[in-house]
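So the structure is just underneath, and the comments pick up after that.
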Amino acid sequence: MSKRYLDALYAAVRDVPDFPKPGILFRDITPLLLQGPLLKAAAAAMAEPFAKAKVSKVLGIESRGFILGAPVAMVLKAGFIPARKSGKLPWERHRIEYQLEYGTDAIEIHRDAIAPGDRVLIVDDLIATGGTAAAAAQAVAQAGGRLLGFSFLIELADLNGRSKLGKNRIHRVLSYPRAEGKPGTGRARGGQGGPARG
């Protein structure tokens, strides 16, 4: 990705202070989504490191992972799996519960979404503490798929969500605080997690 497009992607992410609660700085991607060339560039950048990985399914995490996961799947010529919050899918499901700061949450995928041996890429708009992404990885394993890695538009690096994702390949396009240079791909590294939101 060219520096021009990378700068344009950063510029299109809107900072919203004190949302959804005081003290949180929300990274709003909706201005980016409004611009067709930037949406196309974001999807291409998220897919690029996995272009030769023979991805058969892209799993998008509700809800912004749906928005980005479907175009990434199209770039990779792969199928798309929606990983939904509990009770939203109409058929038989794999269900994975995960811990939040106060209580638990769950994600679900249909039982027929992943065939044994399917090569799966997990996509979401953002990785913060990594809990939701880790639960999605468990769902892939439970269904018998092979996890190829994770691709995120944004990483909140200070929260070290990577530490919950094992030794899997992790790619992000944008990083906050801003990392200079190109989008990054690497393996998870150890460290402490942050507040319990995935």
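For (1) more than 21 Å from Leu156 (Cα to Cα); (2) buried (at least 23 other Cβ atoms within 10 Å of the Cβ), each residue gets a yes or a no:
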site	(1), (2)
Thr30	no, no
Leu33	no, no
Leu38	no, no
Glu62	no, no
Pro82	yes, no
Ser86	yes, no
Val120	yes, yes
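When the residues of the stretch 132-144 are narrowed to those that are assigned to a helix (DSSP H, G or I) and over 19 Å from Leu68 (Cβ atoms), which ends up nearest to the chain's Cα centre (by Cα)? Among them, the one singled out is Gln138.
Can you name the condition, by its number, that Arg95 falls short on among (1) among the charged types (D, E, K, R); (2) surrounded by 12 or more Cβ atoms within 10 Å (Cβ to Cβ); (3) over 13 Å from Ala139 (Cα atoms)? Here Arg95 meets the rest and fails (3).
Restrict the check to the stretch 53-62 and report whether at least one residue is under 26 Å from Ile107 (Cα atoms), in contact (Cβ under 8 Å) with a residue 40 or more places away in the chain and of a type in the set (Ser, Thr, Tyr). Yes, the conditions are met somewhere in the stretch 53-62.
Checking Gly23, Gly65 one by one, the residue that is in contact with a strand residue (DSSP E or B) (Cβ under 7 Å, 6 or more places away or on another chain) and of a type outside the set (S, T, N, Q) is Gly65 and no other. Total residues in the stretch 160-186 satisfying the condition of being out of contact with any Pro (no Cβ under 9 Å at 6 or more places or on another chain), within 18 Å of Lys3 (Cβ to Cβ) and modelled with pLDDT of 95 or more: the figure is 1. Checked against (1) among the β-branched types (Val, Ile, Thr); (2) outside any helix (DSSP H, G or I); (3) crowded, with 17+ Cβ neighbours inside 10 Å, Thr104 meets all criteria but (3). For His171, the conditions (1) out of contact with any His (no Cβ under 9 Å at 6 or more places or on another chain); (2) of a type outside the set (Phe, Trp, Tyr); (3) crowded, with 24+ Cβ neighbours inside 10 Å; (4) closer than 19 Å to Glu48 by Cβ all hold with the exception of (3).
The values are calculated or read from the model by the stated rules, or taken from the named source; none is laboratory data. Quick caveat, the model's predicted, so the values are computed rather than measured. Heads up, the Cβs are rebuilt from the backbone with ideal geometry, glycines too, and the neighbour counts pull from every protein chain shown.
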